[in-house]
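Novice: If you scroll down you'll find the structure; I have some questions about it.
The values are calculated or read from the model by the stated rules, or taken from the named source; none is laboratory data. Values in this document were obtained by computation on a predicted structure and should not be read as measured data. Don't worry about glycine lacking a Cβ; one is built from the backbone with ideal geometry, like all the others, and counts go over all protein chains shown.
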Amino acid sequence: MNQRAYQRVHLPALFALALFGTAPCFSLRAQAPSALRKAATSGKYTISGTVVSAATGTPLAKARVTLSDTSNSQNTATLLTGEDGRFAFRQLAAAKYSLRGSRRGYLASGYQQHEQFWSAIVTGEEFETQNLALRLMPAGVISGKVLDERGEPVRNAQAKLYTEGHSSGVTRVTLVGNSQTNDLGVFEFFSLSPGKYFAAVSAKPWYAVHPPSEPQGVSGTPAVAVDKSLDVTYPMTYYGGTTDSDEASPIMIKGGAHEEIEIHLTPVESLRLRFHIPEQGQREGFQVPILEKHVFDSVDYIATEGVILTDGGFVEMNGVPAGKYTVRIPGTQGQAAKFSEMDLRNDGQELETDKAEPAANVKLAVRLANGEPLPKQLGLGLQDERRQVAAFSPVGPDGTVAFDDLAAGSYKIIATRTPEKAYAVGRILTESGQPVGPTLNVPAGAELQFNVSLVSGVASVEGFAKRGDKPASGVMVVLIPAGPETHQDLFRRDQSDSDGSFSLPDIIPGAYTVVAIDDAWDFDWSQPSALARYAKNGRPVTISENEQGKIRLPGPIQMQPR
């Protein structure tokens, strides 16, 4: 069961989740058990079971268990388990219910939960709803110590935690937490789900000094020389002792595990970089260059120790470790931003900013294919070749979106959900009416305008998953679009409920295949071969522009094993 069935969430802030038919977890309002019973005084069914540790199977006492009617979340009951971990909700009507549990030291979870999906429980004469196991995973912890080259603790270091996830159907390593070391050099990340993690640390040597290239004392006399061994910095360092995210050592966390790690920092030469300012830039103003670096599947900004303006039309930047960077020079009035890929290796390296590639600007005029007015809270994003959201902007009242200061490259236009519907790009046309797509090729310095037609979700597909002749509960149901490698935003997923039922919402018109797969939550949909063999045995379904509401499949979908 996708929790969007009874709560829709507005998302520009959670853009990536909006693309793939998901929504964040929410808290159910606790009420006395009598509230749910009162709403079903003639009910005769019971939902009961035991809350257990997902790691050990041990019953959990004093766990909070919440039951809600999925058709009316105001009908909610909450109780605490006894010493034997048991719970029971009685006198229930025939309906579909959401069951969730929580306990200190454990991750809150729905029944048979995977990612943001869990299975609802259906009551009725033909369904077994007693002696259920509600599994809560004990939370994991990663604690670490940051040490310098002398083995001394590094205080006020910035620790970052990344995790490998598959929630959007594409394997990504993304940032999930920040922490700062204390006086003992210790940091900690807690309430972690089982999975693969990576840790990184950035810090400044407490003794480091970064003098300008031409130090001057009072009245122009030479300043005191600084020992070169003090002009150093710490590069971002990953667990495993590397400064390259691609070589970082993973930290595997099991349920309830507490992993302790150490990250040792080694100082490297600090570079002074000299960016030459063209005469026009000196007259019209000049923005300080920004150094960016790809870290796993995201972009990080590199902090510097100081920036000064020197004679001869140079901006000097200190405290930079050697490496490959994207240098972004922000635009000023009358000047476009510029980008340049640079391999920075030499102290005092002089860089010509006028040779950097100018940024491009893209303007989109947006309309709906059916001619209806544009909805409020609609936003568009540009997804780059790494499948990262490189830019995002809400659609303006005039129906236009402007993306400024774009690096040259290929981009795909992605539409976010509104609280009511999902949207996808139907057609992209140039100003002269020539079709473009599915990606935009944006040259350096280009000024481009396109007309974009959006198609809205028109229907949901409902059906049942079975394992042989029995309901298949807790399996992943996937709506695979035709041409999956170029239509990531058209995928839909759900988890089957206890009676095998599922609902795939907000489907854009087109041709699809519905499949039910056991234990497939870590599939990488960016690789078409991952789902190809399952699609062969799936159920084809075509959604036309004229279809509305719920479309029920004529027969059950057979679950396929992983």
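Novice: GLN112 - would you say it is crowded, with 18+ Cβ neighbours inside 10 Å and outside any strand (DSSP E or B)? Give the derivation first.
Specialist: Details: crowded, with 18+ Cβ neighbours inside 10 Å: yes; outside any strand (DSSP E or B): yes.
Yes: the conditions hold for GLN112.
Novice: Going by the structure shown, is GLY437 in contact (Cβ under 8 Å) with a residue 40 or more places away in the chain and on the phi > 0 side of the Ramachandran plot?
Specialist: Values: in contact (Cβ under 8 Å) with a residue 40 or more places away in the chain: no; on the phi > 0 side of the Ramachandran plot: yes.
Spelling it out, it is not the case that GLY437 is in contact (Cβ under 8 Å) with a residue 40 or more places away in the chain and on the phi > 0 side of the Ramachandran plot.
Novice: Condition (residue is among the hydroxyl-bearing types (Ser, Thr, Tyr) and in a strand (DSSP E or B)) applied to region 494-507: is it met by at least one residue?
Specialist: Kept after step one, since they are among the hydroxyl-bearing types (Ser, Thr, Tyr), are these residues of region 494-507: 496, 498, 501, 503.
Restricting the remaining residues to those that are in a strand (DSSP E or B) gives 501, 503.
Taking every residue of region 494-507 in turn, at least one turns out to be among the hydroxyl-bearing types (Ser, Thr, Tyr) and in a strand (DSSP E or B).
Novice: Would you tally the residues in region 405-428 being in contact (Cβ under 8 Å) with a residue 60 or more places away in the chain and farther than 26 Å from PRO505 by Cα?
Specialist: 3
Novice: In region 384-406, what residues are closer than 18 Å to PHE339 by Cβ, crowded, with 22+ Cβ neighbours inside 10 Å and of a type outside the set (Phe, Trp, Tyr)?
Specialist: Listed by number, the list holds a single entry, LEU406.
Novice: Within the set of pairs 6+ apart or on separate chains, which have a first residue in region 344-356 that is of a type in the set (Ser, Thr, Tyr), a second that is assigned to a loop (DSSP other than H, G, I, E, B), and C-beta atoms under 9 Å apart?
Specialist: Qualifying pairs under 9 Å: THR353/ILE277; THR353/PRO278; THR353/PHE286; THR353/PRO289.
Novice: For GLY101, which of the numbered conditions (1) farther than 30 Å from ILE261 by Cα; (2) outside any strand (DSSP E or B); (3) within 31 Å of the chain's Cα centre (by Cα) fails to hold?
Specialist: (2)
Novice: Moving on to the next point. Looking only at region 459-496, filter to residues that are β-branched (Val, Ile, Thr), within 22 Å of the chain's Cα centre (by Cα) and over 16 Å from PHE117 (Cα atoms); which one of those is surrounded by the most Cβ atoms within 10 Å (Cβ to Cβ)?
Specialist: Among them, the one singled out is ILE480.
Novice: For region 115-128, which residues satisfy the criterion of being farther than 16 Å from GLY500 by Cα and either in contact with a helix residue (DSSP H, G or I) (Cβ under 9 Å, 6 or more places away or on another chain) or part of a strand (DSSP E or B) (or both)?
Specialist: GLN116
Novice: Quick test for you: out of GLY43, GLY82, pick the one residue that is surrounded by fewer than 18 Cβ atoms within 10 Å (Cβ to Cβ) and touching a helix residue (DSSP H, G or I) at 6+ places or on another chain (Cβ under 9 Å).
Specialist: GLY43
Per-residue answers, yes or no, for (1) at pLDDT below 85; (2) β-branched (Val, Ile, Thr); (3) closer than 22 Å to ASP489 by Cα; (4) out of contact with any Leu (no Cβ under 9 Å at 6 or more places or on another chain):
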residue: ALA356; (1), (2), (3), (4): yes, no, no, yes
residue: ALA359; (1), (2), (3), (4): no, no, no, no
residue: GLY379; (1), (2), (3), (4): no, no, yes, no
residue: ARG386; (1), (2), (3), (4): yes, no, yes, yes
residue: ALA390; (1), (2), (3), (4): no, no, yes, no
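Novice: Could you please let me know if LEU380 is within 18 Å of the chain's Cα centre (by Cα), in a strand (DSSP E or B), over 30 Å from GLY312 (Cβ atoms) and not assigned by TED's automatic domain parsing to the domain that holds THR310?
Specialist: yes
Novice: Residue check: is GLY331 on the phi > 0 side of the Ramachandran plot and not charged (D, E, K, R)? First the steps, then the outcome.
Specialist: Details: on the phi > 0 side of the Ramachandran plot: no; not charged (D, E, K, R): yes.
In short, no.
Novice: Over 30 Å from LEU382 (Cβ atoms), at pLDDT 90 or above and among the β-branched types (Val, Ile, Thr), is that true of ILE557?
Specialist: Details: over 30 Å from LEU382 (Cβ atoms): yes; at pLDDT 90 or above: yes; among the β-branched types (Val, Ile, Thr): yes.
Yes: the conditions hold for ILE557.
Novice: Which count do you get for residues in region 233-262 that are touching a strand residue (DSSP E or B) at 6+ places or on another chain (Cβ under 8 Å) and closer than 30 Å to ALA54 by Cβ? Show your work before the answer.
Specialist: Residues of region 233-262 touching a strand residue (DSSP E or B) at 6+ places or on another chain (Cβ under 8 Å): 233-239, 241, 243-245, 247-262.
Checking which are closer than 30 Å to ALA54 by Cβ leaves us with 238-239, 248-262.
Here the count works out to 17.
Okay, residues lined up against (1) β-branched (Val, Ile, Thr); (2) farther than 19 Å from ASN346 by Cα; (3) loosely packed, with under 15 Cβ neighbours inside 10 Å:
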position: GLY240; (1), (2), (3): no, yes, no
position: SER249; (1), (2), (3): no, yes, yes
position: ILE253; (1), (2), (3): yes, yes, no
position: ILE261; (1), (2), (3): yes, yes, no
position: LEU271; (1), (2), (3): no, no, no
position: ARG274; (1), (2), (3): no, no, no
position: ILE308; (1), (2), (3): yes, no, yes
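Novice: Another one. Has region 55-64 got at least one residue that is modelled with pLDDT of 50 or more, part of a strand (DSSP E or B), surrounded by 14 or more Cβ atoms within 10 Å (Cβ to Cβ) and small (Gly, Ala, Ser)?
Specialist: no
Novice: Right, something else. Residues that are assigned by TED's automatic domain parsing to the domain that holds ALA465, among the basic types (Lys, Arg) and at pLDDT 95 or above: does region 511-534 have at least one?
Specialist: No, region 511-534 has no match at all.
Novice: On to the next question. Please identify the pairs in which a residue from region 67-78 that is not assigned by TED's automatic domain parsing to the domain that holds ILE121 and in a strand (DSSP E or B) has its Cβ atom under 6 Å from the Cβ atom of a residue that is surrounded by fewer than 18 Cβ atoms within 10 Å (Cβ to Cβ) and among the hydrophobic types (A, V, I, L, M, F, W, C), counting only partners at least 6 apart or on another chain.
Specialist: Final answer for the pair search is none.
Novice: Let me ask something additional. Identify the single condition in (1) within 27 Å of PHE190 (Cα to Cα); (2) within 31 Å of the chain's Cα centre (by Cα) that SER68 does not satisfy, given that it satisfies every other one.
Specialist: (1)
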